[in-house]
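Have a look at the structure below before the remarks.
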Amino acid sequence: MAHSKLTDRYRRNLKPGEQVQENGIRYRAREAGDGTWFIRYRDAAGKLVEETVGRVSEGVTLEEAISKIDSRRGRVRNEKFEMPDDEDKPTVEEFYNQTYLPWAKASKRSWRGDDRSFKAHILKTFGAKRLDEVTRDEVEQWKVALLEGRSPATVNRVFALLRHLFNEAVGRRYLKDTPCRGVQQLRVNNQRVRFLTAAELTRLLAAADELAEGKVEGEKGRKKQGSPWLHPLIVVAVNTGLRFGELTNLRWSDVDKKNRILTLRETKDGTTARVPFNDEVWLTLETMPRAAGNPYVFPGRWGRRDNIKRAWADALSRAKIADFHFHDLRHTFASHLVMAGVDLNTVRELMRHKTLDMTLRYAHLAPEHRQAALAKIAGVFARGSAEKAPTEGHTRDTADEVTAPTA
């Protein structure tokens, strides 16, 4: 069986995030020449299954992927995919740690967020149960309880993780069906637009500075520990519209100060993007602190900074700003562009929206173009009223001369 698209020569030309698939084997390119091998096949029940074989950096080769898929297909043909006995089925926690998490690490950039969500919202309720012991009613009750104090969008994201986990269990023949079948996601209003006013932004930046300088005391008189990178993170966010993950993935090698371009290696849709930046961002990047030996613009203790919940919450509280999420800084960027008179198509380009429909949520912030249109029609009627009224039944343009007959 030929695999011409999966050879080393072909794969070297792939950019990070790009992938190629042939004869049931999929390869997804990563950074620095690395990549991940996957295999896809139909199990004995006819369901599509995808498994991670491993990374190139771990020594996994095309030949190993071919060998593994041949082995899987052989077992299916021989009907050796039998369901394990109930007592042999793993618990939800065991399946997550032994099967799902290793797959997520190899396949998803967002696996760290999945891991936090599992431990915070799923483990306590379902962790000790065997996979086959979880019922649809229990999932429904858990979803309702999870909604307490959380937004529908947050609940939907956690539910999507649970549903995917059980789908993987079905695909790997631990279950015949998933207890999430028939459980609906919550309705979400995606048109929410919350943005900061100039005064709120000033307060938020001042609060970030005070926390970073240790000027804020907690309830027990202890100094709150702020982050020296929160202020610049906010400034870059409101001046570029970048998402949190795009910001925290930025490396100094991605910053072109001469041409004022940021290169995003991993965007939401997995592609690479080049984003321009202004004087405010240039000055921020020029003066912000750097972590020795860390390549990231916004560094964490190890590698990139992927969690600012405590510093962010403290800054919002200090600035007395309510009902505001970090992603709303992206709305702030777009909203102030529109209110400054930037046309919606340019805003769409800067936000990297695929369609104008996604940008129209900000249209109500720019009523000037509607007023300008109404002013034009009002001008037509104003000119018409100043001219001589046409005779009854006249259908010609009012600009035409009407000559009275001579006596």
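Select from the stretch 258-269 the residues that are of a type outside the set (Ser, Thr, Tyr), surrounded by 13 or more Cβ atoms within 10 Å (Cβ to Cβ) and not in a strand (DSSP E or B) and write down the one among them that is modelled with the lowest pLDDT. Among them, the one singled out is 266. Taking residue 201 as meeting all but one of (1) touching a helix residue (DSSP H, G or I) at 6+ places or on another chain (Cβ under 6 Å); (2) over 22 Å from residue 150 (Cβ atoms), write down the number of the exception. Failed condition: (1). When we screen 204, 161, 123 for residues that are of a type in the set (A, V, I, L, M), closer than 24 Å to residue 305 by Cα, touching an Asp or Glu at 6+ places or on another chain (Cβ under 9 Å) and part of a helix (DSSP H, G or I), the only hit is 161.
Residues in the stretch 241-253: is at least one surrounded by fewer than 17 Cβ atoms within 10 Å (Cβ to Cβ), at pLDDT below 95, more than 25 Å from the chain's Cα centre (by Cα) and not in a loop (DSSP other than H, G, I, E, B)? No, every residue in the stretch 241-253 fails to be surrounded by fewer than 17 Cβ atoms within 10 Å (Cβ to Cβ), at pLDDT below 95, more than 25 Å from the chain's Cα centre (by Cα) and not in a loop (DSSP other than H, G, I, E, B). Tell me the residue from 248, 263, 267, 272 that is among the hydroxyl-bearing types (Ser, Thr, Tyr), without any contact (Cβ under 8 Å) to a residue 40 or more places away in the chain and within 30 Å of residue 32 (Cα to Cα), please. Result: 263 is the single residue among 248, 263, 267, 272 that is among the hydroxyl-bearing types (Ser, Thr, Tyr), without any contact (Cβ under 8 Å) to a residue 40 or more places away in the chain and within 30 Å of residue 32 (Cα to Cα). Taken over the stretch 9-31, the criterion of being part of a helix (DSSP H, G or I) and in contact (Cβ under 8 Å) with a residue 24 or more places away in the chain is satisfied by 11, 31.
Going by what's in this entry, would residue 222 be described as outside the structural domain of residue 127 (by TED's automatic domain parsing), within 27 Å of the chain's Cα centre (by Cα) and loosely packed, with under 12 Cβ neighbours inside 10 Å? So residue 222 fails the test. Could you tell me whether any residue of the stretch 130-145 is over 24 Å from the mean Cα position of the chain (by Cα), under 30 Å from residue 59 (Cβ atoms) and of a type in the set (Asp, Glu)? Within the stretch 130-145 (the criterion being over 24 Å from the mean Cα position of the chain (by Cα), under 30 Å from residue 59 (Cβ atoms) and of a type in the set (Asp, Glu)), the answer is no, since none of the residues qualifies.
Cβ-Cβ distances below 7 Å connect the following pairs, each with a first residue in the stretch 350-370 that is within 21 Å of residue 240 (Cβ to Cβ), a second residue that is modelled with pLDDT of 85 or more and of a type in the set (Val, Ile, Thr), and a separation of six or more residues or different chains: 351/359; 353/359; 359/347; 362/338; 362/347; 365/338; 366/338.
Comparison of 200, 168, 210 shows that the only residue that is touching a residue at least 12 places away in the same chain (Cβ under 8 Å), of a type in the set (Asp, Glu) and surrounded by 19 or more Cβ atoms within 10 Å (Cβ to Cβ) is 168.
The values are calculated or read from the model by the stated rules, or taken from the named source; none is laboratory data. Being a predicted model, the structure only gives us computed values, none of them experimental. Counting neighbours? That spans all protein chains shown, and the Cβs are built from the backbone with ideal geometry, glycine included.
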